[in-house]
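Since the structure comes first, as structure tokens, the remarks are kept for the end.
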Amino acid sequence: MSLSRNNTQYLAVIALIVSMIIWSVSGIAIKHALVVLPPFTMIVLRFVPSVLLMLIIGLLFRKSSLFGLQKLEWRDLPLFLIAGFCQPFLYYLLETFTYNALSSPTIAETLLSTSPLLSPLFAAVLLRERITRNNILGIILSTGGVFALSLVGSSDFSIGNYWGILLAFAAVSAAVVDSIMMRKVPAKYSSLSFIFYAQLISLCFFIPIWFVREGPSALQSLDWNQLSTFDSPLSTAVLCTAYLTVFASVIAFILFCFALRKIGVTQANAFNNIRPAFTALWMFLFFGEQLPLGKWIGIALIIFGLFVCQKKGALLYKKK
């Protein structure tokens, strides 16, 4: 039985919220994992198991429209190459350079959260996607909420190297192009198939860099005896990497891909603005980080902006 358009919309929204909740914890997990693991070692340990996990799931549920794994056809390879190169490979590299170039992590996180602002432009030009006034108004409102949430209470507003701003927007552009590829890939490929091939291609870029910069010696230098103690730094790093592997790299990406292909790039990417809001809430609930009034206003703006973005409105751009 086919789902109605409204039911599909609701399922897409639920999938997006769940994926954003998962990703909102990713930053905390990455921070704890990097205490022990070198950056590229952590990335390889994260994505190699995720690719293998998706391979197993895809073969077990081959007939599933969501979790099945279809054979990649050569004519579709360019789309997957672009997707795999853009994210996670290029995005992760540019994100790292952004944090190094900008003096304030708060400014960096804020700039890296602006993908909803670029999504309508990319979607209109590359996909000829319908863009409404409510889409634009909602994105502006929720992005304003992100800036309020990120900057209120921050003691460091210095920019640092202005190349960092360009790097941040390059990283965001790479993420948006990846979402465009999700939309352009033929419907015959399941969400799992898209994520599997994209991450497999990304590993082909990551692994050579890992060998050059860190290599197997990075693994050999770790004190693996620490794993016998549950609360040791290495045990924490392994658990955080496992979370990133199963939840952030597999489940969240599949849900996001499913939703984006149902409701479009502009509306799906608008939900990226709620990631900082969830992160702030986790820090408040579990780490005691205070949320002043300005941050609560920012969270309210993000949520209100998302409601506006999802409502129908007058068209600014439509497919021709």
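The values are calculated or read from the model by the stated rules, or taken from the named source; none is laboratory data. As the structure is a prediction and not an experimental result, all values here were calculated from the model. Note that we place each Cβ from the backbone using ideal geometry, even for glycine, and neighbour counts take in every protein chain shown.
Couple of notes before you dig in:
- Among residues of segment 79-91, those that are surrounded by fewer than 19 Cβ atoms within 10 Å (Cβ to Cβ) and within 22 Å of VAL146 (Cβ to Cβ), counted: 0
- Of all the residues in segment 54-78, those that are part of a helix (DSSP H, G or I) and surrounded by 16 or more Cβ atoms within 10 Å (Cβ to Cβ) number 4.
- Neighbours by Cβ (under 8 Å, 6+ apart or cross-chain): first from segment 1-28, over 13 Å from ILE263 (Cα atoms); second of a type in the set (A, V, I, L, M, F, W, C) and modelled with pLDDT under 80: ILE28/MET283
- Being out of contact with any strand residue (DSSP E or B) (no Cβ under 9 Å at 6 or more places or on another chain) and farther than 17 Å from ILE263 by Cβ holds for only one residue in LEU111, LEU127, LEU93, LEU102, and it is LEU93.
- Filtering segment 191-242 to residues that are surrounded by 17 or more Cβ atoms within 10 Å (Cβ to Cβ), within 15 Å of LEU37 (Cα to Cα) and hydroxyl-bearing (Ser, Thr, Tyr) leaves THR236, THR241.
- Evaluation of LYS184 against the conditions (1) in contact with a Leu (Cβ under 8 Å, 6 or more places away or on another chain); (2) surrounded by fewer than 16 Cβ atoms within 10 Å (Cβ to Cβ); (3) of a type outside the set (Ser, Thr, Tyr); (4) within 19 Å of PRO38 (Cα to Cα) shows that the sole unmet condition is (4).
- ARG275 at pLDDT 90 or above and of a type in the set (Lys, Arg): no
- Any hit, segment 33-41, residues being at pLDDT 85 or above, farther than 24 Å from LEU192 by Cβ, within 21 Å of the chain's Cα centre (by Cα) and hydroxyl-bearing (Ser, Thr, Tyr): yes
- Hits in segment 179-225 (condition: free of Cβ contacts under 8 Å to residues at least 40 places away in the same chain and among the β-branched types (Val, Ile, Thr)): VAL212
- When the helices (runs of 4 or more DSSP H) confined to segment 166-245 are screened for residues that are under 17 Å from the mean Cα position of the chain (by Cα) and among the hydroxyl-bearing types (Ser, Thr, Tyr), those reaching at least 1 such residues are found at 191-213, 233-243.
- Verdict on PHE284 being closer than 30 Å to VAL48 by Cβ and assigned to a helix (DSSP H, G or I): no
- Residue match in segment 182-202 (condition: at pLDDT 95 or above and closer than 18 Å to THR96 by Cα): yes
- Test: LEU255 is in contact with a strand residue (DSSP E or B) (Cβ under 9 Å, 6 or more places away or on another chain) and either at pLDDT below 85 or assigned to a helix (DSSP H, G or I) (or both): no
Here's the yes/no breakdown for (1) modelled with pLDDT of 80 or more; (2) of a type outside the set (Phe, Trp, Tyr):
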site	(1), (2)
LEU66	yes, yes
ARG75	yes, yes
PHE80	yes, no
GLY84	yes, yes
THR96	no, yes
ASN100	no, yes
SER150	no, yes
ASP156	no, yes
GLY160	no, yes
